[in-house]
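Trainee: I'd like to ask you about the structure that follows.
The values are calculated or read from the model by the stated rules, or taken from the named source; none is laboratory data. Source: prediction; values computed, not measured. As a convention, Cβ positions derive from the backbone with ideal geometry for all residues, glycine included, and neighbour counts pool all protein chains shown.
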Amino acid sequence: MTTTGVRGTFASVTRLVILGISLGVSTALRWVRLFPNNDPIMAVMLPCAKRGRAAAFAFPIVAMVLFDILSRKVGIWTAVTAGTYGLLGLGFSFAYSALGKRGRRIGAATFLVSGVVGVLVFDFITGPILSSAMFRMSFAQAFVGQIPFTLKHLASVSVYALVVSPVLDWMLGHVERAEGAIERRLAQAASRSV
């Protein structure tokens with residue numbers, strides 16, 4: 001195997017480790033139910049969005065489907081929420097990439113603002129827009145009914161974005177640095193053997 005092939009293998013393993021850690025954290029926090037509207041997916045998705053489009057899109061989709069399978073609640077809402085979260089993750093990935101190019105650091109404050117914006121967009125799409133269409137209620141009824149839910153959602157995501165997102169970001173950064181160290185050692189070993 002060439003050094004390029006070895007690097008590609010480690011990069012793939014690193015991506016799987018990042019996905020595994022993210023799924024583990026998200027699923028564990030959802031089972032614990034720390035808040036009335038306990039939804040850590042947004043907060044866990046944000047450090048994934050910092051790591052690229054694939055992780056940002058795939059993580060929330062896999063997290064929603066996995067949890068719904070484990071809790072035996074798979075249905076149309078699984079597809080709706082998973083797709084909405086996936087598209088939000090993709091959007092945040094583009095935004096973080098643009099911020100990074102301008103020299104902005106992505107940290108707890110960015111995660112908090114992103115979490116709040118993400119919840120408002122997610123709850124507006126899945127609440128008033130899709131609920132009124134799927135459950136044949138008026139937009140106004142769905143909108144008003146969504147307000148208490150969104151307030152609880154904002155509270156839980158804010159706490160998770162300030163606590164879980166930075167810790168997970170730190171953990172995932174260590175995984176990436178370990179991958180980089182292994183790749184450098186392999187490249188050094190390969191250059192010595194030539």
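Residue-by-condition table, conditions (1) assigned to a helix (DSSP H, G or I); (2) among the small types (Gly, Ala, Ser):
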| site | (1), (2) |
| --- | --- |
| 49 | yes, yes |
| 55 | yes, yes |
| 61 | yes, no |
| 92 | yes, no |
| 105 | no, no |
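Trainee: For residue 13, indicate whether it is part of a helix (DSSP H, G or I), surrounded by fewer than 15 Cβ atoms within 10 Å (Cβ to Cβ) and either among the aromatic types (Phe, Trp, Tyr) or modelled with pLDDT under 80 (or both).
Mentor: Yes.
Trainee: Report whether or not residue 27 is modelled with pLDDT of 85 or more, among the β-branched types (Val, Ile, Thr) and either outside any loop (DSSP other than H, G, I, E, B) or touching a helix residue (DSSP H, G or I) at 6+ places or on another chain (Cβ under 6 Å) (or both).
Mentor: No; evaluated as a whole, the condition is false for this residue.
Trainee: Assigned to a helix (DSSP H, G or I), at pLDDT 90 or above and farther than 18 Å from residue 87 by Cβ: which single residue out of 168, 112, 120, 172 fits that description?
Mentor: After applying the criteria, what remains is 112.
Trainee: Which count do you get for residues in region 47-80 that are buried (at least 22 other Cβ atoms within 10 Å of the Cβ) and farther than 30 Å from residue 103 by Cα?
Mentor: Here the count works out to 2.
Matching residues to (1) free of Cβ contacts under 8 Å to residues at least 40 places away in the same chain; (2) aliphatic (A, V, I, L, M):
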residue: 68; (1), (2): yes, no
residue: 71; (1), (2): yes, no
residue: 114; (1), (2): no, no
residue: 120; (1), (2): yes, yes
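Trainee: Scan region 151-170 residue by residue and report those that are closer than 15 Å to residue 55 by Cα and of a type outside the set (Asp, Glu).
Mentor: 165, 168
Trainee: A further question follows. Just the residues that are part of a helix (DSSP H, G or I) and of a type in the set (D, E, K, R), please, taken from region 127-165.
Mentor: 152
Trainee: Being of a type in the set (A, V, I, L, M) and touching a residue at least 24 places away in the same chain (Cβ under 8 Å) is the filter; apply it to region 96-108 and report the residue that is farthest from residue 173 (Cα to Cα).
Mentor: Only one residue fits best here, namely 108.
Trainee: Here is a list of conditions, (1) of a type outside the set (A, V, I, L, M); (2) closer than 23 Å to residue 32 by Cα; (3) out of contact with any Asp or Glu (no Cβ under 7 Å at 6 or more places or on another chain); (4) modelled with pLDDT of 90 or more, and residue 71 meets all of them except one; can you say which number that is?
Mentor: (4)
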